[in-house]
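Worksheet: the structure to be examined is printed underneath.
The values are calculated or read from the model by the stated rules, or taken from the named source; none is laboratory data. Every value quoted in this text rests on a predicted model; they were computed, and no experiment measured them. Heads up, the Cβs are rebuilt from the backbone with ideal geometry, glycines too, and the neighbour counts pull from every protein chain shown.
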Amino acid sequence: MRRLISYMLVAMMTASMLVGCGQSDKKDDVTQTDAVAQDTQDAQTQGDTSTEKTKIVYLQFSAGESNAETLKNMVAKFEEDNPDIEVEVQSLGYEDYFTALATKMAGNSAPDCFELNMENFLTYAIRDSIEPLDTYFVSTGSSTDAYSEGPLNAATYNGKLYAIPQSFSTVVLIYNKNLFDKAGVSYPTSDWTWKDEQAAAEKIRALGDDIWGTYQPVTYNELYKSVKTNGGSLVSEDGKTFTMNSAENVETLQMMLDRVCGDNRVMPNTEDMAGRGDWDMFKSGNLGMIHTGIWAFSDYAQNITDFDWDIAVETGNKTHAAHFFANVACVNKESKNKEAAFKFINFMASNKDVVKMRLDAQWELPTVSDQDLMAQYLEQTPPESREAVMESLNYAAAPPALLKYSEVVDVMTPILEDAVINNIPAKDVLNQIQEEVVAKKLMNE
(Lines give C-alpha, C1' and ligand atoms only; values in the text may rest on other atoms or scores of the structure.)
Protein backbone atom coordinates (compact mmCIF):
# COMPACT_ATOMS: atom_id res chain seq x y z
CA MET A 1 0.00 0.00 0.00
CA ARG A 2 2.79 2.41 0.83
CA ARG A 3 4.34 1.76 -2.57
CA LEU A 4 1.02 2.37 -4.30
CA ILE A 5 0.48 5.68 -2.49
CA SER A 6 4.02 6.75 -3.34
CA TYR A 7 3.55 6.16 -7.06
CA MET A 8 0.14 7.81 -7.02
CA LEU A 9 1.55 10.93 -5.40
CA VAL A 10 4.36 11.14 -7.94
CA ALA A 11 1.88 10.93 -10.78
CA MET A 12 -0.50 13.52 -9.38
CA MET A 13 2.29 15.94 -8.53
CA THR A 14 3.74 15.96 -12.04
CA ALA A 15 0.97 15.09 -14.45
CA SER A 16 -0.31 18.64 -14.61
CA MET A 17 2.68 19.76 -16.67
CA LEU A 18 2.62 19.12 -20.42
CA VAL A 19 3.29 22.10 -22.60
CA GLY A 20 4.02 21.93 -26.26
CA CYS A 21 2.66 21.23 -29.68
CA GLY A 22 -0.06 18.63 -30.01
CA GLN A 23 -1.26 18.99 -26.41
CA SER A 24 -4.91 18.79 -27.39
CA ASP A 25 -4.25 15.47 -29.10
CA LYS A 26 -2.81 14.12 -25.86
CA LYS A 27 -6.07 14.80 -24.06
CA ASP A 28 -8.27 12.93 -26.50
CA ASP A 29 -10.54 10.51 -24.73
CA VAL A 30 -8.98 7.14 -25.53
CA THR A 31 -9.50 5.29 -22.29
CA GLN A 32 -8.81 1.61 -22.82
CA THR A 33 -6.97 -0.87 -25.00
CA ASP A 34 -8.74 0.32 -28.08
CA ALA A 35 -9.03 0.11 -31.82
CA VAL A 36 -5.34 0.91 -32.14
CA ALA A 37 -4.42 -2.39 -30.49
CA GLN A 38 -7.00 -4.33 -32.50
CA ASP A 39 -5.98 -2.77 -35.79
CA THR A 40 -2.34 -3.42 -34.98
CA GLN A 41 -3.07 -7.08 -34.38
CA ASP A 42 -5.05 -7.25 -37.64
CA ALA A 43 -2.11 -5.73 -39.51
CA GLN A 44 0.53 -8.09 -38.13
CA THR A 45 2.75 -9.77 -40.65
CA GLN A 46 2.03 -13.49 -40.77
CA GLY A 47 5.37 -15.27 -40.37
CA ASP A 48 6.33 -18.76 -39.35
CA THR A 49 3.57 -19.71 -36.94
CA SER A 50 5.67 -22.55 -35.61
CA THR A 51 8.00 -20.04 -33.98
CA GLU A 52 6.62 -18.47 -30.85
CA LYS A 53 6.79 -14.70 -30.93
CA THR A 54 7.96 -12.47 -28.11
CA LYS A 55 4.98 -10.42 -27.02
CA ILE A 56 5.38 -6.95 -25.55
CA VAL A 57 2.88 -4.37 -24.34
CA TYR A 58 3.32 -0.67 -25.09
CA LEU A 59 1.27 1.98 -23.25
CA GLN A 60 0.92 5.44 -24.79
CA PHE A 61 -1.07 8.68 -24.58
CA SER A 62 0.18 11.01 -27.30
CA ALA A 63 -1.39 9.52 -30.42
CA GLY A 64 -4.96 10.26 -29.41
CA GLU A 65 -7.68 9.75 -31.98
CA SER A 66 -6.11 12.06 -34.56
CA ASN A 67 -2.90 10.02 -34.87
CA ALA A 68 -4.26 6.54 -34.10
CA GLU A 69 -3.96 5.47 -37.73
CA THR A 70 -0.39 6.74 -37.93
CA LEU A 71 0.53 4.83 -34.79
CA LYS A 72 -1.04 1.67 -36.17
CA ASN A 73 1.04 1.98 -39.33
CA MET A 74 4.21 2.61 -37.35
CA VAL A 75 3.68 -0.52 -35.26
CA ALA A 76 2.87 -2.55 -38.36
CA LYS A 77 6.15 -1.45 -39.93
CA PHE A 78 8.04 -2.56 -36.82
CA GLU A 79 6.38 -5.96 -36.83
CA GLU A 80 7.12 -6.34 -40.54
CA ASP A 81 10.82 -5.72 -39.88
CA ASN A 82 10.80 -7.75 -36.63
CA PRO A 83 8.52 -10.73 -37.29
CA ASP A 84 9.62 -12.43 -34.07
CA ILE A 85 8.09 -9.66 -31.93
CA GLU A 86 4.38 -8.96 -31.46
CA VAL A 87 3.28 -5.60 -30.03
CA GLU A 88 0.09 -4.92 -28.14
CA VAL A 89 -0.62 -1.19 -28.01
CA GLN A 90 -2.63 0.14 -25.09
CA SER A 91 -3.85 3.74 -25.18
CA LEU A 92 -5.07 6.00 -22.41
CA GLY A 93 -6.23 9.61 -22.43
CA TYR A 94 -3.72 12.10 -21.04
CA GLU A 95 -5.86 13.07 -18.04
CA ASP A 96 -5.93 9.50 -16.74
CA TYR A 97 -2.63 8.25 -18.03
CA PHE A 98 -0.11 8.95 -15.29
CA THR A 99 -2.32 7.89 -12.42
CA ALA A 100 -3.18 4.67 -14.24
CA LEU A 101 0.48 3.97 -15.02
CA ALA A 102 1.48 4.56 -11.41
CA THR A 103 -1.20 2.11 -10.30
CA LYS A 104 0.05 -0.48 -12.77
CA MET A 105 3.64 0.00 -11.64
CA ALA A 106 2.69 -0.40 -7.99
CA GLY A 107 0.65 -3.51 -8.77
CA ASN A 108 3.40 -5.16 -10.84
CA SER A 109 1.15 -5.09 -13.89
CA ALA A 110 2.91 -2.37 -15.86
CA PRO A 111 3.55 -2.73 -19.61
CA ASP A 112 6.94 -3.69 -20.99
CA CYS A 113 7.49 -0.18 -22.33
CA PHE A 114 5.58 3.05 -22.05
CA GLU A 115 5.48 6.71 -22.97
CA LEU A 116 6.20 9.55 -20.55
CA ASN A 117 6.40 13.29 -20.79
CA MET A 118 9.67 14.83 -19.60
CA GLU A 119 8.53 15.81 -16.11
CA ASN A 120 7.17 12.37 -15.30
CA PHE A 121 10.19 10.72 -16.88
CA LEU A 122 12.43 12.43 -14.35
CA THR A 123 10.42 11.16 -11.39
CA TYR A 124 10.57 7.59 -12.68
CA ALA A 125 14.31 7.89 -13.30
CA ILE A 126 14.88 9.22 -9.80
CA ARG A 127 12.93 6.32 -8.34
CA ASP A 128 14.89 3.81 -10.45
CA SER A 129 11.68 2.35 -11.88
CA ILE A 130 12.86 2.27 -15.48
CA GLU A 131 15.65 0.37 -17.17
CA PRO A 132 18.93 2.11 -18.16
CA LEU A 133 19.28 1.65 -21.91
CA ASP A 134 22.98 2.18 -22.67
CA THR A 135 23.85 -1.55 -22.81
CA TYR A 136 20.95 -2.32 -25.16
CA PHE A 137 22.40 -0.09 -27.86
CA VAL A 138 25.48 -2.34 -27.74
CA SER A 139 23.63 -5.67 -27.56
CA THR A 140 21.33 -4.80 -30.48
CA GLY A 141 24.01 -3.17 -32.63
CA SER A 142 22.25 0.20 -32.48
CA SER A 143 23.82 3.64 -32.11
CA THR A 144 22.87 6.74 -30.17
CA ASP A 145 24.22 8.72 -33.13
CA ALA A 146 20.75 8.40 -34.64
CA TYR A 147 19.53 11.04 -32.21
CA SER A 148 20.33 14.69 -31.71
CA GLU A 149 22.59 15.38 -28.76
CA GLY A 150 20.15 17.65 -26.93
CA PRO A 151 17.28 15.13 -26.68
CA LEU A 152 19.70 12.41 -25.57
CA ASN A 153 21.08 14.65 -22.83
CA ALA A 154 17.56 15.47 -21.69
CA ALA A 155 16.77 11.73 -21.45
CA THR A 156 19.87 11.09 -19.36
CA TYR A 157 19.92 11.04 -15.56
CA ASN A 158 23.01 10.54 -13.39
CA GLY A 159 25.05 9.67 -16.43
CA LYS A 160 22.72 6.93 -17.69
CA LEU A 161 20.32 7.03 -20.62
CA TYR A 162 16.91 6.04 -19.26
CA ALA A 163 14.67 6.77 -22.24
CA ILE A 164 14.48 7.05 -26.01
CA PRO A 165 13.34 10.55 -27.00
CA GLN A 166 10.36 10.00 -29.32
CA SER A 167 9.19 13.46 -30.28
CA PHE A 168 9.76 17.05 -29.25
CA SER A 169 8.80 20.65 -29.45
CA THR A 170 10.92 23.59 -28.39
CA VAL A 171 10.88 27.35 -27.83
CA VAL A 172 12.53 29.84 -30.15
CA LEU A 173 12.75 33.63 -30.55
CA ILE A 174 10.13 34.75 -33.08
CA TYR A 175 10.51 38.26 -34.45
CA ASN A 176 8.60 40.81 -36.53
CA LYS A 177 10.84 41.66 -39.48
CA ASN A 178 8.92 44.80 -40.32
CA LEU A 179 9.46 46.32 -36.87
CA PHE A 180 13.16 45.47 -37.07
CA ASP A 181 13.35 47.19 -40.44
CA LYS A 182 11.56 50.30 -39.17
CA ALA A 183 13.86 50.47 -36.13
CA GLY A 184 16.95 50.01 -38.31
CA VAL A 185 18.04 46.91 -36.40
CA SER A 186 19.65 43.81 -37.88
CA TYR A 187 17.69 40.57 -37.48
CA PRO A 188 18.57 38.26 -34.57
CA THR A 189 21.19 35.56 -35.04
CA SER A 190 22.25 32.57 -32.98
CA ASP A 191 25.14 34.68 -31.66
CA TRP A 192 22.84 37.16 -29.94
CA THR A 193 23.09 37.66 -26.18
CA TRP A 194 20.71 39.20 -23.64
CA LYS A 195 22.37 42.56 -24.30
CA ASP A 196 21.75 42.30 -28.04
CA GLU A 197 18.09 41.51 -27.44
CA GLN A 198 17.75 44.39 -25.00
CA ALA A 199 19.41 46.88 -27.38
CA ALA A 200 17.14 45.85 -30.25
CA ALA A 201 14.08 45.88 -28.00
CA GLU A 202 14.79 49.44 -26.87
CA LYS A 203 14.95 50.70 -30.46
CA ILE A 204 11.72 48.90 -31.35
CA ARG A 205 10.03 50.22 -28.19
CA ALA A 206 10.82 53.75 -29.38
CA LEU A 207 8.61 53.24 -32.46
CA GLY A 208 5.35 53.93 -30.62
CA ASP A 209 3.42 54.00 -27.34
CA ASP A 210 1.95 50.53 -27.85
CA ILE A 211 4.93 48.98 -29.64
CA TRP A 212 7.01 46.74 -27.39
CA GLY A 213 10.43 45.26 -27.91
CA THR A 214 10.12 41.75 -26.55
CA TYR A 215 8.04 39.37 -24.45
CA GLN A 216 9.30 36.66 -22.11
CA PRO A 217 7.13 36.01 -19.05
CA VAL A 218 8.72 35.86 -15.60
CA THR A 219 7.71 32.32 -14.69
CA TYR A 220 9.25 29.15 -13.29
CA ASN A 221 9.67 27.63 -16.75
CA GLU A 222 11.34 30.69 -18.21
CA LEU A 223 13.56 31.12 -15.14
CA TYR A 224 14.93 27.56 -14.96
CA LYS A 225 15.79 27.78 -18.65
CA SER A 226 17.24 31.29 -18.58
CA VAL A 227 19.53 30.68 -15.61
CA LYS A 228 21.14 27.83 -17.57
CA THR A 229 22.23 30.35 -20.20
CA ASN A 230 24.07 32.18 -17.44
CA GLY A 231 25.78 29.14 -15.96
CA GLY A 232 23.22 28.81 -13.17
CA SER A 233 20.73 26.22 -11.95
CA LEU A 234 17.86 26.09 -9.49
CA VAL A 235 19.33 22.97 -7.87
CA SER A 236 22.85 21.69 -7.26
CA GLU A 237 24.54 19.41 -9.74
CA ASP A 238 23.95 16.36 -7.53
CA GLY A 239 20.25 17.28 -7.22
CA LYS A 240 20.34 17.34 -3.43
CA THR A 241 20.31 21.07 -2.67
CA PHE A 242 18.34 24.10 -3.81
CA THR A 243 20.51 26.89 -5.24
CA MET A 244 17.74 29.39 -6.00
CA ASN A 245 19.64 32.46 -4.83
CA SER A 246 23.01 31.87 -6.47
CA ALA A 247 24.75 34.88 -7.97
CA GLU A 248 24.13 33.59 -11.51
CA ASN A 249 20.43 33.16 -10.81
CA VAL A 250 20.11 36.61 -9.25
CA GLU A 251 21.72 38.20 -12.30
CA THR A 252 19.38 36.29 -14.61
CA LEU A 253 16.18 37.14 -12.77
CA GLN A 254 17.17 40.80 -12.49
CA MET A 255 17.58 40.94 -16.25
CA MET A 256 14.10 39.46 -16.71
CA LEU A 257 12.53 41.83 -14.20
CA ASP A 258 14.23 44.88 -15.70
CA ARG A 259 12.67 44.12 -19.06
CA VAL A 260 9.17 44.52 -17.69
CA CYS A 261 9.57 46.99 -14.82
CA GLY A 262 13.02 48.61 -15.08
CA ASP A 263 13.92 52.12 -16.18
CA ASN A 264 14.34 51.02 -19.80
CA ARG A 265 11.51 48.55 -19.86
CA VAL A 266 10.79 46.95 -23.20
CA MET A 267 8.14 44.39 -22.30
CA PRO A 268 4.44 45.10 -21.56
CA ASN A 269 3.05 44.39 -18.11
CA THR A 270 -0.47 43.20 -17.40
CA GLU A 271 -1.86 46.74 -17.50
CA ASP A 272 -0.15 47.47 -20.83
CA MET A 273 -1.56 44.28 -22.34
CA ALA A 274 -5.11 45.36 -21.47
CA GLY A 275 -6.53 41.86 -21.70
CA ARG A 276 -4.61 40.90 -24.83
CA GLY A 277 -2.56 37.71 -24.90
CA ASP A 278 1.09 37.69 -25.89
CA TRP A 279 0.30 35.81 -29.13
CA ASP A 280 -2.45 38.31 -29.92
CA MET A 281 -0.06 41.21 -29.44
CA PHE A 282 2.55 39.64 -31.70
CA LYS A 283 0.01 38.86 -34.43
CA SER A 284 -1.33 42.41 -34.30
CA GLY A 285 2.16 43.86 -34.80
CA ASN A 286 2.67 45.21 -31.29
CA LEU A 287 5.65 43.02 -30.31
CA GLY A 288 9.04 43.02 -31.93
CA MET A 289 10.07 39.67 -30.43
CA ILE A 290 8.40 36.89 -28.51
CA HIS A 291 9.83 33.84 -26.78
CA THR A 292 7.37 31.07 -27.56
CA GLY A 293 7.02 27.56 -28.87
CA ILE A 294 7.21 26.18 -32.38
CA TRP A 295 3.58 25.16 -31.99
CA ALA A 296 2.79 28.80 -32.80
CA PHE A 297 3.97 28.40 -36.40
CA SER A 298 0.70 27.14 -37.82
CA ASP A 299 -1.35 29.86 -36.10
CA TYR A 300 1.02 32.63 -37.16
CA ALA A 301 1.26 31.36 -40.74
CA GLN A 302 -2.51 31.39 -41.06
CA ASN A 303 -3.27 34.64 -39.25
CA ILE A 304 -0.37 37.05 -39.84
CA THR A 305 -0.85 38.86 -43.14
CA ASP A 306 0.40 42.40 -42.41
CA PHE A 307 4.08 41.70 -41.83
CA ASP A 308 6.84 39.14 -42.34
CA TRP A 309 8.22 37.15 -39.43
CA ASP A 310 11.02 34.69 -38.82
CA ILE A 311 12.80 32.86 -35.98
CA ALA A 312 16.18 32.49 -34.30
CA VAL A 313 17.64 30.50 -31.43
CA GLU A 314 16.74 32.17 -28.13
CA THR A 315 19.31 34.62 -26.80
CA GLY A 316 21.60 33.66 -23.93
CA ASN A 317 24.46 35.05 -21.91
CA LYS A 318 27.33 32.60 -21.40
CA THR A 319 25.62 29.98 -23.55
CA HIS A 320 22.18 29.12 -24.93
CA ALA A 321 19.38 27.03 -23.47
CA ALA A 322 16.10 26.04 -25.07
CA HIS A 323 12.99 24.55 -23.57
CA PHE A 324 12.70 20.90 -24.45
CA PHE A 325 9.13 19.68 -24.27
CA ALA A 326 9.27 16.04 -25.17
CA ASN A 327 7.68 12.65 -24.99
CA VAL A 328 10.05 9.79 -24.32
CA ALA A 329 9.65 6.02 -24.24
CA CYS A 330 11.00 3.89 -21.40
CA VAL A 331 11.44 0.21 -20.64
CA ASN A 332 9.90 -1.14 -17.44
CA LYS A 333 12.65 -2.35 -15.12
CA GLU A 334 10.49 -5.37 -14.24
CA SER A 335 9.79 -6.36 -17.86
CA LYS A 336 10.68 -9.92 -18.85
CA ASN A 337 11.28 -8.80 -22.45
CA LYS A 338 13.53 -5.79 -22.05
CA GLU A 339 15.57 -6.20 -25.22
CA ALA A 340 12.46 -6.63 -27.38
CA ALA A 341 10.91 -3.59 -25.71
CA PHE A 342 14.09 -1.60 -26.39
CA LYS A 343 14.10 -2.64 -30.04
CA PHE A 344 10.54 -1.39 -30.36
CA ILE A 345 10.94 2.04 -28.77
CA ASN A 346 14.25 2.62 -30.58
CA PHE A 347 12.65 1.68 -33.92
CA MET A 348 9.66 3.93 -33.27
CA ALA A 349 11.92 6.94 -32.84
CA SER A 350 14.64 6.39 -35.43
CA ASN A 351 13.45 4.20 -38.31
CA LYS A 352 13.38 6.32 -41.48
CA ASP A 353 9.96 5.13 -42.59
CA VAL A 354 8.49 5.77 -39.16
CA VAL A 355 10.07 9.23 -39.02
CA LYS A 356 8.48 10.07 -42.35
CA MET A 357 5.09 8.88 -41.08
CA ARG A 358 5.39 11.25 -38.12
CA LEU A 359 6.37 14.16 -40.35
CA ASP A 360 3.58 13.44 -42.82
CA ALA A 361 1.09 13.45 -39.96
CA GLN A 362 2.64 16.63 -38.44
CA TRP A 363 2.60 14.73 -35.14
CA GLU A 364 5.18 16.81 -33.29
CA LEU A 365 8.78 16.42 -34.48
CA PRO A 366 11.13 13.44 -34.46
CA THR A 367 14.39 13.66 -32.51
CA VAL A 368 16.71 12.20 -35.16
CA SER A 369 20.02 13.79 -36.04
CA ASP A 370 19.81 12.99 -39.78
CA GLN A 371 19.10 16.33 -41.42
CA ASP A 372 18.07 14.63 -44.67
CA LEU A 373 15.13 13.11 -42.82
CA MET A 374 14.15 16.54 -41.56
CA ALA A 375 14.27 18.22 -44.97
CA GLN A 376 10.50 17.87 -45.34
CA TYR A 377 9.95 19.94 -42.21
CA LEU A 378 12.69 22.44 -42.89
CA GLU A 379 11.38 23.26 -46.37
CA GLN A 380 8.00 24.45 -45.08
CA THR A 381 7.54 28.22 -44.78
CA PRO A 382 6.97 30.45 -42.96
CA PRO A 383 9.22 30.78 -41.06
CA GLU A 384 12.13 30.84 -43.44
CA SER A 385 14.78 29.93 -40.86
CA ARG A 386 13.39 26.63 -39.58
CA GLU A 387 16.92 25.34 -39.19
CA ALA A 388 16.93 27.37 -35.95
CA VAL A 389 14.50 24.80 -34.55
CA MET A 390 17.03 22.05 -35.13
CA GLU A 391 19.87 24.18 -33.83
CA SER A 392 17.95 24.83 -30.63
CA LEU A 393 17.99 21.08 -29.99
CA ASN A 394 21.70 21.37 -29.28
CA TYR A 395 20.81 23.52 -26.27
CA ALA A 396 17.88 21.48 -24.96
CA ALA A 397 17.34 22.25 -21.27
CA ALA A 398 15.41 19.70 -19.26
CA PRO A 399 13.64 20.92 -16.12
CA PRO A 400 15.28 20.24 -12.75
CA ALA A 401 14.74 16.66 -11.59
CA LEU A 402 12.32 17.30 -8.74
CA LEU A 403 10.00 14.76 -7.19
CA LYS A 404 8.00 17.62 -5.67
CA TYR A 405 7.97 19.67 -8.83
CA SER A 406 4.41 20.99 -8.51
CA GLU A 407 4.94 22.12 -4.91
CA VAL A 408 8.08 24.03 -5.92
CA VAL A 409 6.19 25.76 -8.74
CA ASP A 410 3.37 26.60 -6.32
CA VAL A 411 5.89 28.32 -4.04
CA MET A 412 7.64 30.23 -6.79
CA THR A 413 4.72 31.42 -8.91
CA PRO A 414 3.10 33.97 -6.54
CA ILE A 415 6.49 35.28 -5.43
CA LEU A 416 7.58 35.89 -9.02
CA GLU A 417 4.24 37.51 -9.86
CA ASP A 418 4.57 39.84 -6.88
CA ALA A 419 8.11 40.74 -7.95
CA VAL A 420 6.86 41.91 -11.35
CA ILE A 421 4.00 43.93 -9.87
CA ASN A 422 6.06 45.62 -7.16
CA ASN A 423 9.48 45.69 -8.86
CA ILE A 424 11.17 43.74 -6.06
CA PRO A 425 14.94 43.21 -6.45
CA ALA A 426 15.85 39.78 -7.75
CA LYS A 427 18.11 39.02 -4.78
CA ASP A 428 15.25 39.53 -2.33
CA VAL A 429 12.92 37.45 -4.51
CA LEU A 430 15.25 34.48 -4.75
CA ASN A 431 16.23 34.65 -1.08
CA GLN A 432 12.54 34.34 -0.20
CA ILE A 433 12.06 31.44 -2.59
CA GLN A 434 15.14 29.66 -1.25
CA GLU A 435 13.94 30.02 2.33
CA GLU A 436 10.46 28.71 1.55
CA VAL A 437 11.43 25.65 -0.51
CA VAL A 438 13.97 24.67 2.15
CA ALA A 439 11.55 25.25 5.02
CA LYS A 440 8.91 23.14 3.30
CA LYS A 441 11.44 20.35 2.66
CA LEU A 442 10.72 20.18 -1.04
CA MET A 443 14.09 18.78 -2.06
CA ASN A 444 14.29 15.15 -3.16
CA GLU A 445 14.77 12.80 -0.23
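Can you name every residue in the range 392-409 that is closer than 24 Å to ASP145 by Cα and surrounded by fewer than 17 Cβ atoms within 10 Å (Cβ to Cβ)?
The one that is closer than 24 Å to ASP145 by Cα and surrounded by fewer than 17 Cβ atoms within 10 Å (Cβ to Cβ): ASN394.
What number of residues in the range 124-160 are within 21 Å of the chain's Cα centre (by Cα) and closer than 16 Å to SER350 by Cα?
Of the residues in that region, 11 qualify.
Which of the residues belonging to the range 269-299 are part of a loop (DSSP other than H, G, I, E, B) and surrounded by 20 or more Cβ atoms within 10 Å (Cβ to Cβ)?
Going residue by residue through the range 269-299, those that are part of a loop (DSSP other than H, G, I, E, B) are 269, 274-277, 284-286, 288.
Residues satisfying the conditions are ASN286, GLY288.
Which of (1) surrounded by fewer than 18 Cβ atoms within 10 Å (Cβ to Cβ); (2) at pLDDT 95 or above; (3) not assigned by TED's automatic domain parsing to the domain that holds TYR124 is the odd one out, the single condition GLU334 does not satisfy?
(3)
Considering only the range 202-211, I want to know if a residue exists there that is crowded, with 16+ Cβ neighbours inside 10 Å and either in the same structural domain as GLU387 (by TED's automatic domain parsing) or part of a loop (DSSP other than H, G, I, E, B) (or both). Step through it out loud before you land on a result.
From the range 202-211, those crowded, with 16+ Cβ neighbours inside 10 Å are 202-205, 211; that's our starting set.
In the following step, the residues that additionally are either in the same structural domain as GLU387 (by TED's automatic domain parsing) or part of a loop (DSSP other than H, G, I, E, B) (or both) were identified as 211.
Within the range 202-211, one or more residues are crowded, with 16+ Cβ neighbours inside 10 Å and either in the same structural domain as GLU387 (by TED's automatic domain parsing) or part of a loop (DSSP other than H, G, I, E, B) (or both).
Going by the structure shown, is SER226 in a helix (DSSP H, G or I), surrounded by 16 or more Cβ atoms within 10 Å (Cβ to Cβ) and under 20 Å from the mean Cα position of the chain (by Cα)?
Considered against the rule, which asks whether it is in a helix (DSSP H, G or I), surrounded by 16 or more Cβ atoms within 10 Å (Cβ to Cβ) and under 20 Å from the mean Cα position of the chain (by Cα), SER226 comes out as yes.
Going through the range 60-119 one residue at a time, which ones are farther than 15 Å from ILE345 by Cβ, of a type in the set (Phe, Trp, Tyr) and either surrounded by fewer than 24 Cβ atoms within 10 Å (Cβ to Cβ) or in contact with a helix residue (DSSP H, G or I) (Cβ under 6 Å, 6 or more places away or on another chain) (or both)?
TYR94, PHE98
Can you tell me which residue within the range 123-137, out of those that are modelled with pLDDT of 95 or more and not β-branched (Val, Ile, Thr), is surrounded by the most Cβ atoms within 10 Å (Cβ to Cβ)?
Here the residue is LEU133.
Looking at LEU442, LEU373, which is the one that is part of a loop (DSSP other than H, G, I, E, B), under 29 Å from ASN327 (Cα atoms) and over 22 Å from the mean Cα position of the chain (by Cα)?
LEU442
Among VAL266, VAL250, which is the only one that is touching a Lys or Arg at 6+ places or on another chain (Cβ under 7 Å), farther than 30 Å from ALA125 by Cα and buried (at least 17 other Cβ atoms within 10 Å of the Cβ)?
Exactly one of VAL266, VAL250 is touching a Lys or Arg at 6+ places or on another chain (Cβ under 7 Å), farther than 30 Å from ALA125 by Cα and buried (at least 17 other Cβ atoms within 10 Å of the Cβ), namely VAL266.
Just checking, which of ILE204, ILE164 is within 17 Å of MET281 (Cβ to Cβ) and touching a residue at least 24 places away in the same chain (Cβ under 8 Å)?
ILE204
Starting from residues that are small (Gly, Ala, Ser) and more than 21 Å from LEU71 (Cα to Cα), keep the ones in the range 337-383 and report whichever is surrounded by the fewest Cβ atoms within 10 Å (Cβ to Cβ).
ALA375
Are any residues in the range 212-221 surrounded by fewer than 19 Cβ atoms within 10 Å (Cβ to Cβ) and under 19 Å from ASP181 (Cβ atoms), and if so, which ones?
None - no residue of the range 212-221 is surrounded by fewer than 19 Cβ atoms within 10 Å (Cβ to Cβ) and under 19 Å from ASP181 (Cβ atoms), so the list stays empty.
Search the range 376-403 for residues being hydroxyl-bearing (Ser, Thr, Tyr) and part of a loop (DSSP other than H, G, I, E, B), and hand back the single one that is farthest from ALA312 (Cα to Cα).
THR381
Conditions (1) buried (at least 16 other Cβ atoms within 10 Å of the Cβ); (2) among the small types (Gly, Ala, Ser), marked per residue:
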residue	(1), (2)
SER385	yes, yes
VAL411	yes, no
LEU416	yes, no
VAL420	yes, no
ASP428	no, no
LYS440	no, no
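Could you grab me the full set of residues in the range 158-193 that are buried (at least 24 other Cβ atoms within 10 Å of the Cβ), under 15 Å from THR214 (Cβ atoms) and either modelled with pLDDT under 95 or aliphatic (A, V, I, L, M) (or both)?
Within the range 158-193, VAL171, VAL172, ILE174, LEU179 qualify.
Filter the range 138-157 for residues that are assigned to a loop (DSSP other than H, G, I, E, B) and modelled with pLDDT under 90 and give the result.
SER148
Looking for whichever is more than 27 Å from the chain's Cα centre (by Cα) and either modelled with pLDDT of 50 or more or not in a helix (DSSP H, G or I) (or both) here; the options are THR45, THR99. Which one fits?
THR45
Out of curiosity, is ASP196 out of contact with any helix residue (DSSP H, G or I) (no Cβ under 7 Å at 6 or more places or on another chain), surrounded by fewer than 19 Cβ atoms within 10 Å (Cβ to Cβ), in a loop (DSSP other than H, G, I, E, B) and outside the structural domain of LYS356 (by TED's automatic domain parsing)?
no
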